[in-house]
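Note sheet for the following structure.
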Amino acid sequence: MPESPTTSLIHARGLTKRFGTFTAVDAVDFDVAPGEAFGFLGPNGAGKTSTMRMIGGVSPVTEGTLSVLGLDPAIHGPQIRARLGVVPQQDTLDNELTVRENLLIYGRYFGLARPEVARRADELLEFAQLTERRADQVEPLSGGMKRRLTIARALINEPQLLLLDEPTTGLDPQARHLLWDRLYRLKQQGVTLVLTTHYMDEAEQLCDRLVVMDKARIVAEGSPRDLIERYSSREVTEMRFPVGIQETLDGRLDDLAERIEWLPDRVLLYADDGEAVAVAVHDRGLRPETVLVRRSTLEDVFLRLTGRTLIE
Amino acid sequence: MTAMVGTIGRVFEHRALSYRRTWRSSIFTSFLSPVFFLAAMGLGLGGLVDASPSDALGGVPYVVFLAPGLLAATVMQTAAFESTFPMLGGLVWNRIFHAMHATPIEPRDIALGHLAWIAVRMTMISTIFVAVIVVFGAARSWEVVLGVPAAVLTGMAFAGPISAFSATQKTMDKFNAVFRFGVTPLFLFSGTFFPVEQLPVFLQPIAWVTPLFHGVAVTRALSLGTAFDDPLGLVVHLGVLLAFVVGGGWLTVRAVERRMIR
């Protein structure tokens with residue numbers, strides 16, 4: 001992990017955001033290296049968006065240090081924003097304008113000359129697969145198209161750093177996969193991506209490195225693989241027993257796995273060899289209704305770190 | 001400073017781009033409104049008023065009295081409209097102001113660009129209005145062309161404070177009250193349709209502190225060609241309007257900054 005602010009695109013130490021007495025972000029430390037895809041993973045209200053807004057130079061830091069592209073957002077907000085692309089959680093497209101006009105005017109906000117903006121807009125329409133819709137109003141576009149347009153818009157200034165706040169929330173699987181593909185291409189081109197998500201598959205697909213946030217703090221940090229190794233096992237065996245049986249199993253499985261989680265409807269056994277666990281259970285004369293052996297995912301890490309309680 | 005002019009200009013450019021979609025109907029409305037009002041109130045009602053001439057109107061036909069007052073009052077109404085819905089739209093409904101803030105544009109630029117656009121709209125409306133006044137033969141002096149900047153100043157005296165108010169709102173619920181208890185009474189009682197001296201004595205001071213009263217006084221004096229007969233009065237009227245413009249502009253910048261930088 002890069003430690004010095006000179007090599008990091010983003011450098012945060014003790015970064016804190018308070019709204020009155022409420023602490024949204026509580027003394028977090030992190031660095032993002034050039035070319036990296038870095039994720040903030042966490043449940044709703046964990047402080048991800050507040051952190052992104054501070055990085056984006058639109059929300060003042062309450063305490064701590066933050067440097068973005070080597071600059072202080074408190075002093076150089078506009079200079080930082082000139083080199084950022086921002087994809088906000090809520091669409092902020094102009095529904096009164098056409099698809100292409102949305103790109104043109106956004107380029108003008110950066111002070112780009114009209115011919116240059118027009119050239120980039122046409123390229124980005126192609127990139128976002130929206131060329132055929134370029135003259136249409138924004139309003140009737142599907143959610144996936146609007147997101148793609150928002151991403152295209154965020155690229156109009158050829159940013160070094162792209163901030164994406166829950167880029168695929170609310171999209172259908174096809175739209176999500178298309179978006180991931182576009183983001184992956186950007187990463188290949190050397191654009192640094194910083195994203196928040198509560199989708200584990202998204203984090204695993206896109207992020208080289210991520211931090212898990214919970215209750216305004218960072219509770220874990222590493223690559224998806226690191227985190228799985230550290231906080232989960234290689235495999236998970238999920239078993240569902242007939243009604244009434246699960247309650248009688250207390251203590252009878254404890255030696256079979258590194259960790260066992262008892263959920264109301266099933267038992268999760270965390271072990272390196274899930275198949276062996278399933279066989280051992282069978283050997284003990286137990287007959288689960290269903291057995292599923294799968295690889296551990298970030299979701300297991302996430303639930304272990306942030307708990308299963310519903311956050312609302 | 002030049003950078004700031006540039007960023008304000010881009011906010012303005014956005015409004016102009018949106019306006020391109022509706023400019024024809026908008027210009028047409030700006031033209032029809034004074035024609036209808038002057039025909040109905042000036043000629044129709046004026047025919048009755050002029051049948052029993054009164055010194056209160058300064059010895060001119062009613063349409064001559066009414067037209068410049070209506071200019072200021074109409075501009076005020078449009079300014080109020082342009083200061084409410086587009087402001088809340090940018091902050092809350094389509095969140096376009098937040099999209100702008102993600103670029104080098106600052107909230108201050110957004111506030112000032114919004115006001116600059118309103119000033120241009122006011123100029124368009126009052127130019128058309130003054131042309132209609134001239135066509136109706138309701139101007140007594142070529143000074144009426146100075147009624148354009150005077151009306152813009154009047155409109156901006158409302159645009160600032162109302163925009164500042166709008167920037168503090170989360171919903172449009174209170175806009176109705178702004179129009180019903182603010183704009184409409186001013187429209188009726190600030191000397192547009194009759195001299196404020198006709199009001200009960202205790203109500204007259206209220207008229208004096210509202211910008212529309214001063215705006216009407218200036219546009220009317222210009223249209224009648226009497227504005228420069230009373231330089232001190234002119235300076236006071238313009239001073240009051242200017243104070244509202246500057247104060248309202250400052251409040252708008254502050255309100256938009258408070259709303260967006262958090």
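Annotations for the structure displayed:
- Pairs where the first residue, in the stretch B:237-262, is within 14 Å of another protein chain (Cβ to nearest Cβ) and the second is of a type in the set (Phe, Trp, Tyr), C-beta under 9 Å, 6+ apart: B:Val256/B:Phe97; B:Arg259/B:Phe97; B:Met260/B:Phe97; B:Arg262/A:Phe19
- Conditions (1) surrounded by fewer than 17 Cβ atoms within 10 Å (Cβ to Cβ); (2) assigned to a helix (DSSP H, G or I); (3) within 12 Å of chain B (Cβ to nearest Cβ); number of the one not met by A:Ser50: (1)
- Matching residues, the stretch A:89-98, being within 26 Å of the chain's Cα centre (by Cα) and more than 7 Å from chain B (Cβ to nearest Cβ): A:Gln89, A:Asp91, A:Leu93
- Checked across the stretch B:116-135, the condition of being free of Cβ contacts under 8 Å to residues at least 24 places away in the same chain, in a helix (DSSP H, G or I) and more than 25 Å from the chain's Cα centre (by Cα) holds for no residue.
- Selection of strands (runs of 3 or more DSSP E) fully inside the stretch A:214-312 by the criterion of at least 1 residues being farther than 21 Å from A:Gly47 by Cβ and outside the structural domain of A:Leu41 (by TED's automatic domain parsing) returns A:235-240, A:259-262, A:267-271, A:290-295.
- Qualifying position, being in a strand (DSSP E or B) and in contact with a Leu (Cβ under 6 Å, 6 or more places away or on another chain), among A:Gly14, A:Gly85: A:Gly85
- The stretch A:19-37 residues that are more than 29 Å from A:Gln160 (Cβ to Cβ), paired with ones that are among the polar types (S, T, N, Q) and at pLDDT 95 or above (beta carbon under 9 Å, 6 or more apart): A:Phe19/A:Ser50; A:Phe19/A:Thr62; A:Thr23/A:Thr16; A:Thr23/A:Thr62
- Within the stretch B:219-262, the set of residues being among the acidic types (Asp, Glu) and either buried (at least 22 other Cβ atoms within 10 Å of the Cβ) or in a helix (DSSP H, G or I) (or both) comprises B:Asp229, B:Glu257.
- Filtered residue count, the stretch A:103-130, keeping only those that are in contact (Cβ under 8 Å) with a residue 12 or more places away in the chain, more than 9 Å from chain B (Cβ to nearest Cβ) and outside any helix (DSSP H, G or I): 4
- Of the residues making up the stretch A:68-82, those that are more than 10 Å from chain B (Cβ to nearest Cβ) and either assigned to a loop (DSSP other than H, G, I, E, B) or in contact (Cβ under 8 Å) with a residue 40 or more places away in the chain (or both) are A:Val68, A:Leu69, A:Gly70, A:Asp72.
- Of the residues screened, A:Asp165 is one that is in the same structural domain as A:Gly57 (by TED's automatic domain parsing), in contact with a Pro (Cβ under 7 Å, 6 or more places away or on another chain) and either of a type in the set (Asp, Glu) or over 21 Å from A:Leu41 (Cβ atoms) (or both).
- Qualifying residue in the stretch A:162-180 (condition: on the phi > 0 side of the Ramachandran plot and touching a residue at least 40 places away in the same chain (Cβ under 8 Å)): yes
- Extreme residue, surrounded by the most Cβ atoms within 10 Å (Cβ to Cβ), among residues of the stretch A:150-164 that are part of a helix (DSSP H, G or I) and within 12 Å of chain B (Cβ to nearest Cβ): A:Arg153
- A single member of B:Arg95, B:Arg20, B:Arg24 is basic (Lys, Arg) and away from chain A (no Cβ under 14 Å), and it is B:Arg24.
The values are calculated or read from the model by the stated rules, or taken from the named source; none is laboratory data. Owing to the predicted nature of the structure, the values given are computational and were not obtained by experimental measurement. Heads up, the Cβs are rebuilt from the backbone with ideal geometry, glycines too, and the neighbour counts pull from every protein chain shown.
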